[in-house]
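A short worksheet on the structure shown next.
The values are calculated or read from the model by the stated rules, or taken from the named source; none is laboratory data. Note that this is a predicted model, so its numbers are computed, not measured. Don't worry about glycine lacking a Cβ; one is built from the backbone with ideal geometry, like all the others, and counts go over all protein chains shown. Calculation scope for accessible area: heavy atoms of the full protein, side chains included, ligands and nucleic acids excluded. Shrake-Rupley method; radii C 1.70, N 1.55, O 1.52, S 1.80 Å.
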Amino acid sequence: MNFGFTEEQELLRAEVRKFLDQNASLEEVRKIVESDEGFDRHLWNRMAELGWIGLTMPEAQGGMGLGFETFLVVLEETGRSLFPSPLISTLLAARAIERFGSEAQQARWLPGLANGETIGTLAVLEESDDWSSSGVRLEGKRDGGETILSGAKHFVPDAGNAGLFVVAYRSGADPEAVSLAVVEEGADGVAAGHLPAMDLTKRLGKLDLDDVRVADDALLAADWAGVQSLIDLGAALVTAETVGAAERALEITTEFAKQRIQFDSPIGRYQGVKHPLAEMFVDIESYKSLVYYAIWAIDAGDDVAPLAVSRAKAYVSETFPMAGISGVQLHGGVGFTWEYDIQLFLKRGKWMRPMFGDADYHYDRIADLGGL
Amino acid sequence: MDFNLTPEEAAFRDEVRAFLDENLDAAESERDMNWFGGWLKKVREKRWVGFSWPKEVGGGGGTVMQQVILKEEMAKRKAPPLGSCYMGLAWVGPSIIQYGNEEQKQKYIPDILDGTYQWCTGYSEPDSGSDLASLKCRCERDGDEYVVNGQKIWTSIAMISKMMILLVRTQTDVDVKHDGITCLLVEMDSPGIEVRPIKNMSGGAMFAEVFLTDVRVPVENRLGAEGGGWKVTVSALANERSSIAEVYGLTRKMEELKDLARDTERAGQRAIDIPSIRRRLQRAEIRIESMRLNGQRFLTKQLKGEPLGSETSINKLHRASLEVEMGELAMEITGSASTLMQGCDEAPEDGRWAKFALGWPEVVIGGGTPNIQKNIISERILGLPKD
């Protein structure tokens, strides 16, 4: 029984934190998100060189072959600094290809994803905003040895920057007949772009597919259970990143409460201020326990994984948005100015809430999985 | 991270399971006092009473990990408690083992393990509740004896206890109020002790006021140094806060609450199928799961030899809100009948849940109120200025 990180993992954490402190302070992040792409290609490439993007990808394809448990450490740090990048999206696309792609398909796409050249993303949701299999209506029509995809994918993370889309499509009449196809940007009929989103550090957009012809060698051997395991992984990774963001939001608010003087005393002395902060702390420690366990279960291939993921995401989706609100409130007037940083975390909470399923979705999923 | 058991740990788990298979030989409803007596004898022989205590004092010498395995297996099987001297096992024993002299260990520990008699804890006073260190119970030395005058309150099971672990003030002119407190082990039949039971809001009387008038306590009954009583107490309180066992109690209660929701029909449907009730049950269950995992994370720290700090307040706070919420949920599930108490056919499960819904304060307020736990977290962990 060991519910802790290894020394190597802690060293990696220190390394990532140093890198982000030097290159992506919140001041810097505010500048980065003003750019067209909304992330910094130069920093992205350096992270790829350091091996952080390919951390969990197979060594044979240019990755490092480590578990998600190690990647968790990276995500907590990118969460802390609200670092804008297509890291989770790229990782999910790579995971789809690694798990459901042939060796040839892996060799074709994974090296580019691991070395940062290709930005990948997973496109599941449609207009119905439904994460279940019935939400996937986009049909794959067979035509002369090819599959034609026509329709739109909504709320696609990093859609405007991605060079590679792993698209969930309907492959038959059965409600669960859903599979995955790899569609590349630039192919005929593919159009993608970003939408103005509340959280500027997270890009989100739409993918339009207009009679896009997909050759068989770009179809992955995934079924609905496989797609769902990717959604689960997405939920786990988003939760892990939220741990870091939540810790930073608490730090920022605690620091403010120590400095801000009202009624001749730092406001952090008053129980009306310190108690909500203590409650945030309790929640954050609980996110950690739930998501660490979920990610351990994913790595170990333990049956409890989907249940553990849903518990973590339901908890974090329900409470972190409220913590952001609490943080802004405790700052008072400056809390909702553009200048102060706490509002950035409130927005991160709102981005995170529905991403890969909100609390209601995950409560229902727990029931589907045989839980309560 | 690794949540798997080592071969040695797995072997211990199997040993526990085998023992429980053999000795939990009666259904829960059929376990009477006679059966319980037999159970206590067997677990005592097995050295599971005081399982974590050193073998020299008669405990089981179990490791932290073994304790967790034992408690988890017992909770799964709804096994009865290990031992019957509840306060002695939870609070008094650990303090005596840590601070007592040889004579004291030999005199008191075997009886705690055997459950020969009950102990109570004389900590809180009318004006010293959350601010325990401000306690005033007067104590003066007179030759080989201490003379105690004062009042204690919220003393659980005082009326059935033979012994009390008592905190008194031996010195008043101290700079820090924590100094000058001394811990005494007092016989409850000493002249000058009067116990007045306090009826609680569920109608029972589990705790009492204890009045002490010129009570003479031999000096050899002092636990730890004179003026060192706060240290003795804090170690016991820390012991209480780190207890991982409370999760198992909640898990068990949660299972029973789910059963209640399955068995209760409301307007033609099972209560558990009413979405608002189901959500609240699910939310509570996730909180309990997070407590279980928090406990394991803190356990990892302990196993690495790092001291447990104030983070144990986290589960205390979870537990506090869960005890209240689960009581409210039981009321919500059973509807109008939830207001009925024991003694009528209409009361669900003979008023058990009504009693539960009134019973949370003992757990939530005893051992540090939620607001105190929040102060501990915000001051000791977050570093906010003291209130």
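Figures for the structure shown
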item	result
Qualifying positions in segment B:357-387 - in contact (Cβ under 8 Å) with a residue 60 or more places away in the chain, open to solvent by less than 80 Å² (accessible area, probe 1.4 Å) and away from every other protein chain (no Cβ under 14 Å)	B:LEU358, B:GLY359, B:PRO361, B:GLY366, B:GLY367
Criterion: touching a strand residue (DSSP E or B) at 6+ places or on another chain (Cβ under 8 Å) and either assigned by TED's automatic domain parsing to the domain that holds A:ALA94 or open to solvent by 40 Å² or more (accessible area, probe 1.4 Å) (or both) - qualifying residue of A:GLU126, A:GLU185	A:GLU185
All positions within segment B:263-278 that are buried (at least 17 other Cβ atoms within 10 Å of the Cβ) and within 11 Å of chain A (Cβ to nearest Cβ)	B:ILE272, B:ILE277, B:ARG278
Enumeration of residues in segment A:125-172 that are among the hydroxyl-bearing types (Ser, Thr, Tyr), free of Cβ contacts under 8 Å to residues at least 60 places away in the same chain and over 24 Å from A:SER310 (Cβ atoms)	A:TYR169, A:SER171
Answer residue from segment A:9-24, given it is in contact with a Ser or Thr (Cβ under 8 Å, 6 or more places away or on another chain) and either open to solvent by 50 Å² or more (accessible area, probe 1.4 Å) or part of a helix (DSSP H, G or I) (or both) and is nearest to B:GLY295 (Cα to Cα) among those	A:GLN9
Any hit, segment B:45-61, residues being assigned to a helix (DSSP H, G or I), under 21 Å from the mean Cα position of the chain (by Cα) and over 25 Å from A:PHE3 (Cβ atoms)	no
So B:GLN98, is it part of a loop (DSSP other than H, G, I, E, B), at pLDDT below 95 and open to solvent by 40 Å² or more (accessible area, probe 1.4 Å)	no
Long-range neighbours under 8 Å by Cβ, at least six apart or interchain, first residue more than 14 Å from chain B (Cβ to nearest Cβ) and closer than 12 Å to A:VAL74 by Cβ within segment A:1-25, second assigned to a helix (DSSP H, G or I) and among the hydroxyl-bearing types (Ser, Thr, Tyr)	A:LEU12/A:THR70; A:VAL16/A:THR78; A:LEU20/A:THR78
Among (1) at pLDDT 95 or above; (2) under 21 Å from B:LEU135 (Cβ atoms); (3) open to solvent by 50 Å² or more (accessible area, probe 1.4 Å), the one test that B:GLU220 misses	(2)
Test: residue in segment B:329-337 that is in contact with a Ser or Thr (Cβ under 6 Å, 6 or more places away or on another chain) and within 14 Å of chain A (Cβ to nearest Cβ)	yes
Residue count, segment A:329-353 (criterion: open to solvent by less than 20 Å² (accessible area, probe 1.4 Å) and under 26 Å from B:HIS318 (Cβ atoms))	5
Candidates A:ASP232, A:ASP299, filtered to the one that is touching a Gly at 6+ places or on another chain (Cβ under 8 Å), touching a residue at least 60 places away in the same chain (Cβ under 8 Å) and of a type in the set (Asp, Glu)	A:ASP299
Segment A:110-123, residues that are assigned to a loop (DSSP other than H, G, I, E, B), open to solvent by less than 10 Å² (accessible area, probe 1.4 Å) and within 14 Å of A:THR56 (Cα to Cα)	A:GLY116
Segment B:281-298, residues that are within 7 Å of chain A (Cβ to nearest Cβ) and either of a type outside the set (Ser, Thr, Tyr) or on the phi > 0 side of the Ramachandran plot (or both)	B:LEU281, B:GLN282, B:GLU285, B:ILE286, B:GLU289, B:LEU293, B:ASN294, B:GLN296, B:ARG297
Residue match in segment A:254-271 (condition: buried (at least 20 other Cβ atoms within 10 Å of the Cβ), more than 28 Å from A:GLY234 (Cα to Cα), touching a His at 6+ places or on another chain (Cβ under 8 Å) and more than 8 Å from chain B (Cβ to nearest Cβ))	yes
When residues of segment B:196-217 are limited to those that are part of a loop (DSSP other than H, G, I, E, B) and out of contact with any Lys or Arg (no Cβ under 6 Å at 6 or more places or on another chain), the one most open to solvent (accessible area, probe 1.4 Å)	B:LYS199
Qualifying position, being assigned to a helix (DSSP H, G or I) and crowded, with 22+ Cβ neighbours inside 10 Å, among A:ALA107, A:ALA94	A:ALA94
Which numbered condition B:VAL324 misses (of (1) open to solvent by 30 Å² or more (accessible area, probe 1.4 Å); (2) facing another protein chain (nearest Cβ under 10 Å))	(2)
Count of segment A:302-324 residues which are within 15 Å of A:GLN228 (Cα to Cα), without any contact (Cβ under 8 Å) to a residue 60 or more places away in the chain and assigned to a helix (DSSP H, G or I)	1
Exclusive hit being out of contact with any Gly (no Cβ under 8 Å at 6 or more places or on another chain), at pLDDT below 95 and assigned by TED's automatic domain parsing to the domain that holds B:ASN315, set B:ARG292, B:ARG270, B:ARG283	B:ARG292
Selected residue [more than 28 Å from B:PRO94 (Cα to Cα), at pLDDT 95 or above and more than 14 Å from every other protein chain (Cβ to nearest Cβ)] from B:ALA26, B:ALA11, B:ALA18	B:ALA18
Flag for A:LEU250 being under 18 Å from B:LEU384 (Cα atoms) and either within 10 Å of chain B (Cβ to nearest Cβ) or not in a helix (DSSP H, G or I) (or both)	yes
Options B:ILE314, B:ILE333: the member that is out of contact with any Lys or Arg (no Cβ under 6 Å at 6 or more places or on another chain), over 18 Å from B:ILE381 (Cα atoms) and crowded, with 23+ Cβ neighbours inside 10 Å	B:ILE333
Conditions (1) touching a strand residue (DSSP E or B) at 6+ places or on another chain (Cβ under 7 Å); (2) in contact (Cβ under 8 Å) with a residue 12 or more places away in the chain; number of the one not met by A:LYS258	(2)
Every residue from segment A:129-157 that is surrounded by fewer than 17 Cβ atoms within 10 Å (Cβ to Cβ) and assigned to a loop (DSSP other than H, G, I, E, B)	A:ASP129, A:ASP130, A:ARG137, A:GLY144, A:GLY145
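Quick grid of which residues meet (1) of a type in the set (Val, Ile, Thr); (2) out of contact with any Asp or Glu (no Cβ under 9 Å at 6 or more places or on another chain); (3) within 22 Å of B:LYS46 (Cα to Cα):
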{"residue": "B:LEU70", "(1), (2), (3)": "no, yes, yes"}
{"residue": "B:GLY88", "(1), (2), (3)": "no, no, yes"}
{"residue": "B:GLY93", "(1), (2), (3)": "no, yes, yes"}
{"residue": "B:LYS105", "(1), (2), (3)": "no, no, yes"}
{"residue": "B:TYR108", "(1), (2), (3)": "no, yes, yes"}
{"residue": "B:ILE112", "(1), (2), (3)": "yes, yes, yes"}
{"residue": "B:THR116", "(1), (2), (3)": "yes, yes, yes"}
{"residue": "B:CYS120", "(1), (2), (3)": "no, yes, no"}
